[in-house]
Amino acid sequence: MGVSVRSGGARKQRINSWSVSAVCCALLLLAPLIAVFVGVFQPTAEWQHLVGTVLPGYLMNTLILVLGVSLVSILFALPTAWFVATYEFPTRRFWKWALVMPLAVPTFASAFTYFDVLEWSIPLIIKARQAWGFDASQWVERVVRYGMLILLLSSVLYPYLYLGLRSAFSKQQGVYFEAGRMLGKPPGSIFRWIALPMARPTLIAGLSLIVMEVVNEYGAVNLFGVPTLTEGIFRTWFGLGDRASGLRLAVIVVVIVFAVLAFEAWQRKRLRYVEGAQANFRHRRVRLPRRRAWIIVLCCACPVLIGFVFPVVRLVFWAIAATDKFDFADFFQQAATSLGLASITALLLSLVAFFLAFSVRVQSDSRISKLIQASTLGYAIPSVVTGVGVMVLLGGLDHLLSGFSFSLVLSGSLFAIGLAYMVRFMTVAYQPLDASMQGICATLDEASRTLGQGTWQSLSRIHWPLLRMNILACATLVFIDIMKELPLTLVLRPSDFETLATFAFGFAKEGYIYDCALPSLLIIALGVWGLLVIERWIDKEASKSC
Amino acid sequence: MLEVQNVSKSFSGNDVPAVYDVSFRVAAGELLSLVGESGSGKTTLLRMIAGLEIPDRGQIRTNRGCLFGEKDWVVPEKRRIGLVFQGGALFPHMSVAQNLGYAMGQLPKSELRERIAEYLTLVQLDGKAKRYPHELSGGERQRVALARALAAKPDMILLDEPYSNLDVALTADLREQVRDVLQQKKITGVLVTHDAADARHFADRIAIMRKGVLVQLGLVQDVVDHPCDMYCSLLIRGR
C-alpha cells in the first residue's frame, strides 16, 4: 500500500483497501444526514400551516436563546480565561480546573434545580399585574423565564469557550505582548487589540459549539416551556406524525448552523493569527496585588457557583431526601446500561476517528479526504435531526430486510443508538485527533516509508504509540457527552430501554423531582472524573511542549 | 542618552550570572553594537534596558531619569524605548497600516493616514500599507517592525538580532537602511548581534560581551585594530 502524506512528499493517485474502508466508514456516517435531506422533498399538507402558525415562534425563540446564551457565555468565559492564563493570583490552580466543572452538569439536570427558582419571581409578576395590567405581567413572566433559561444554559455551556480561550491565551507567543508593551501600551490595550483578536478563531470555534448545543437543546427548553426548532421537530414528528415537515424543520436548523460557520470563515479568509518566524516563548503570568487578586477570584467564583455548586448542592439534598423510597435496583440497572453503552461506544468511536484521521493523512485523493472530513461534522447537526436521519435510514433498511413486511430489526435496536452516537459525536473525537495527527512531522512517515514499512506498519508502530493517550482522552470526552445525551436517546431508544439521562428526565417530567437527583448526580460525578482526567492530560501535554 | 551602571542578573537554577556588573554609557544619537556569542548575556542586557527583565542590582538611566535603581522601577510601556524583535513580532491579524497605527495611538484619521505613509516612505515600503505580515518578505517585515518602533516616537531604539532570519544580500541592504533611518531621526540605537559584520557596519562603538561580562568597549576601528584578547580578536574579525 502506498503512503503519501498531506503535508509533504510525492503524491500518487491510488485506490487501495485503505481508501475503500475509509470511504465506507464516511458514507455510513453521512447516510443518516443524506436521508434527512432526501426526505425534505416528500409532499406534506401541514407545512404551510406550520409556516403560518408556529414556525416564526420556533425561529424567534431559538434566536433569542442563541444570542442570549452566546453573550452570557462570553461574559463568563472571556475574563476568567484571560485571568487564569495571564495572571498569578491565590487559588489560580484551583480555579483553572474548577471553571471547567460545570461542563459535567447536563443542561436538563441544571434546569430541574433552577426550575422552582422561577417561583421566587411570583411577587414581582403580581406587582407588575397590579401596576400595569395583565399583558405587562405576562411580559415580566416571560422575561424572567427566558432570562433564567439563558443564565442556566450559559452557566453549563460556557466551559466550551473557556477551555479554548484559556488554551489560546496561554499559548499566545509572549513576543507579541512584549511588542505591545514596548509600544507603550497598557495591559488593557494589549488585551483589546492583540490578545483578543488573535484568539478570534478560538472564540468563534467555542461560540459555534455553544450555538450548536443551544440549537440542539431539548430537556431544559422543554421544562421551561420555550419551544425552539428542536422542540418543534419533536412536536411535528411525534405529536402531529408529520415526518416531512419535521425533516424540513431539521434542514432549516442545519442550514442556519452552516450559514453562520461559512460566513465567519469567509470573513476572516485573508487574516492570519500566527506567525511562524517569531522567537517561540510563552508570556509569563503577572503577579497581582492582593486586593485586585481577590476581585479576580470573585469573578472566577461566579460562574462556578451558578453552573456547578448550586445545582450539585440542591441535587445532593434532594437525593438524601429521596433515599427512603428510591428504587435502587432499577437505578443500578440503568447505571450499568448507561456506563456499558457509553464506554463501548466512546472507545469504538475514538478508534474509528483515529482510523479516519490517519486515512486523511495518507490519502492521495483530495475528494476522499473531503468526504471523510464532511462525515465527521455530525456535531453541527442537532441530535434530534441525527436521530430522525438514523430512524429514516434504518427503517428503510428494515423494510428491505424483512421482505417488505415492516419489522424493527435495526431501527428498534441498540445498533441504531450506537450508530446515531457515532454520527453525532464523531466530531468530538476526530477534530483533536486530526490536529494531533497533523502535529506529527511528515518526515516520520517518509522515514518509515524509506525503511520499507507500509501504511499499516506506520500506523501501528509510529502513529498509534504516539497518539494512544490522545485517543483515550478523546474517548473520555465522548463518554461524558454520551452520558449526558438526551434527545437522541429519547428518539431512538427501544421500548423499556433507559439510560441515566432518560431515567432522570422521565422522573422530572412526571413531577418526581427528588427522584431525578441520584441519576443526575451519578452523571455529574462521572463527568467530573472524566474532566479531571482530561485536565491532567492537557497539563501533561502542555508541559511536554514547553 | 543611556547609562548602565553595575547591572547584574542571575536566573534561578543557574550558578553563573547571565549578566555580571556591566557598565557603559551611550550618548544621545550614538549607535552602539553589543556583540557576543550565544549565551553571552547580550539579549538579557537588552531586555533589562527595555524593562522586560528586572535586574538583580545596578542602575539604568536615560535622559528622562532613573529607569531602574534601588528604589526605582519604570514599567516597559512608560520607558519610551522602542524594541525591534528578532522576527519583527508584527501582529499577524493587523495589516501593515494597522500595525503602525496601533503604535501611534489616538489620532484623527487623516493625520493617521499621513503619518503612516510618512513612516512607510522612510523605510521604503510605499504602497504596502494594506498588506498583512504573511504577505511580506523577511526584509520587508523587519523594515515594518523598525517603522512601527519609530512610530511610537521613542527616545531610543533597541534592535535584537534583527537580521538573523535574513539572507546575506538582504542583510547588507537592510543594515545600511536602518543606520540611515536612525541617523536621519537622530535616535540613539543599541544593536544586539552575534555577527561581527553587522556590529561593525551599524555602530559608532562596539561593546563585546563574554559569559555575562563586558570585556571590551571602544570605537569600531579601535576594537578591530586592538582587540583586548584572542576571544575579542576572533569574534570581531568574524572568524
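The values are calculated or read from the model by the stated rules, or taken from the named source; none is laboratory data. Just so it is clear, the model here is predicted, and its values are computed rather than measured. Neighbour counts run over all protein chains shown; Cβ positions are idealised from the backbone, glycine included.
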* Asked: Considering only helices (runs of 4 or more DSSP H) fully contained in region A:160-267, which possess at least 1 residues that are aromatic (F, W, Y), over 17 Å from A:V84 (Cα atoms) and within 14 Å of chain B (Cβ to nearest Cβ)?
  -> A:174-182
* To do: Please enumerate the residues belonging to region A:35-55 that are under 26 Å from the mean Cα position of the chain (by Cα) and either within 15 Å of A:E231 (Cα to Cα) or among the polar types (S, T, N, Q) (or both).
  => A:L55
* **Residue list for region B:160-182, filter: of a type in the set (A, V, I, L, M, F, W, C), away from chain A (no Cβ under 12 Å) and in contact with a helix residue (DSSP H, G or I) (Cβ under 7 Å, 6 or more places away or on another chain)** => B:L170, B:L174, B:V178, B:V181
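Answer yes or no as to whether B:L45 is under 21 Å from A:F177 (Cα atoms), surrounded by 14 or more Cβ atoms within 10 Å (Cβ to Cβ), away from every other protein chain (no Cβ under 14 Å) and in contact with a Lys or Arg (Cβ under 9 Å, 6 or more places away or on another chain). Give the steps one after another, and end with the answer.
Numbers: under 21 Å from A:F177 (Cα atoms): yes; surrounded by 14 or more Cβ atoms within 10 Å (Cβ to Cβ): yes; away from every other protein chain (no Cβ under 14 Å): yes; in contact with a Lys or Arg (Cβ under 9 Å, 6 or more places away or on another chain): yes.
Taking the combined requirement at face value, the residue satisfies it.
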* Asked: Would a scan of region A:125-141 turn up a residue that is in contact with a Gly (Cβ under 8 Å, 6 or more places away or on another chain) and outside any helix (DSSP H, G or I)?
  -> no
* **Among (1) surrounded by 18 or more Cβ atoms within 10 Å (Cβ to Cβ); (2) under 29 Å from A:T499 (Cβ atoms); (3) at pLDDT below 90; (4) not charged (D, E, K, R) - the single one A:F89 does not satisfy** => (2)
* Asked: So which of A:L103, A:L71 ends up being within 18 Å of the chain's Cα centre (by Cα), of a type outside the set (G, A, S), crowded, with 19+ Cβ neighbours inside 10 Å and assigned to a helix (DSSP H, G or I)?
  -> A:L103
* Can you spot a residue in region B:89-107 that is buried (at least 17 other Cβ atoms within 10 Å of the Cβ), part of a loop (DSSP other than H, G, I, E, B), small (G, A, S) and in contact with a Ser or Thr (Cβ under 8 Å, 6 or more places away or on another chain)? -> no
* Pick from region B:53-84 the residues that are part of a strand (DSSP E or B) and free of Cβ contacts under 8 Å to residues at least 12 places away in the same chain: which of them is farthest from the other protein chains (Cβ to nearest Cβ)? -> B:C66
* region B:85-102, subset hydrophobic (A, V, I, L, M, F, W, C) and within 14 Å of the chain's Cα centre (by Cα), residue nearest to the other protein chains (Cβ to nearest Cβ) -> B:A89
* Asked: Given the conditions (1) aliphatic (A, V, I, L, M); (2) modelled with pLDDT of 85 or more; (3) closer than 15 Å to A:S73 by Cβ; (4) surrounded by fewer than 22 Cβ atoms within 10 Å (Cβ to Cβ), and given that A:V226 satisfies all but one, which numbered condition is not satisfied?
  -> (3)
* Asked: Can you list the helices (runs of 4 or more DSSP H) found entirely within region B:127-239 that contain at least 2 residues being surrounded by fewer than 17 Cβ atoms within 10 Å (Cβ to Cβ)?
  -> B:168-185, B:220-225, B:230-236
* Would a scan of region B:16-27 turn up a residue that is free of Cβ contacts under 8 Å to residues at least 40 places away in the same chain and either crowded, with 16+ Cβ neighbours inside 10 Å or not in a strand (DSSP E or B) (or both)? -> no
* To do: Answer yes or no: is there a residue in region A:519-529 that is outside any helix (DSSP H, G or I) and more than 24 Å from A:T427 (Cα to Cα).
  => no
